[in-house]
Amino acid sequence: QVQLVESGGGLVQAGGSLRLSCAASGRTFSSSAMGWFRQAPGKEREFVASVSARGDRAYSLGSAKGRFTISRDNAKNTVYLQMNRLKPEDTAVYYCAAGSTGAPSWSRYDYWGQGTQVTVSS
């Protein structure tokens, strides 16, 4: 099993940056693909980015592409999401998740953190 705890969320002005962290415990972190998802009020959970178990492949979709960067440090059992040029529409609860692949679908992930709130003011 993998236990996940996100941190780093907060309130930021549009155009600013935040770095989210997700600390993992459990034996299988280094063999798990990791993903970041987000969910805004009244909307479905949305894939943001994923990284392979070894960290050699990263994938992002949509508006996150080119602004957000996912990375991981297996020595620290931590995955990161660097978010730049934030927009008000990035406001959401951000979740990290662990799975066997880095697929862009929430159903492909087995373990989830509790989420961290990101609010971007205009």
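Annotation for segment 60-99 versus segment 1-58: alpha-carbon center distance of 5 Å. When all alpha carbon pairs of segment 11-122 are counted in 10 Å bins from zero, the resulting P(r) reads 15, 51, 28, 5, 0 %. Computed about its Cα centre, the charge dipole of the chain is approximately 220 debye, with only Lys, Arg, Asp and Glu carrying charge at their Cβ.
Per residue, segment 29-122 exposes 50 Å² of accessible surface when a 1.4 Å probe is rolled over the protein heavy atoms with every protein chain present.
For segment 10-71, taking Cα atoms only, Rg and Dmax work out to 13.1, 38 Å respectively. Which GluC sites (Glu not before Pro) does segment 1-97 hold that lie in a coil by DSSP with at most 16 other beta carbons within 10 Å? The qualifying sites are Glu44. Rolling a 1.4 Å probe over the protein heavy atoms of segment 1-74, with every protein chain left in place, gives an accessible area that is 47 percent carbon and sulfur.
The values are calculated or read from the model by the stated rules, or taken from the named source; none is laboratory data. Every value quoted in this text rests on a predicted model; they were computed, and no experiment measured them. We place every Cβ from the backbone using ideal geometry, glycine too, and count neighbours over all the protein chains shown. Side chains are part of the model used for accessible areas, which takes the heavy atoms of the whole protein and leaves out ligands, DNA and RNA. Shrake-Rupley method; radii C 1.70, N 1.55, O 1.52, S 1.80 Å.
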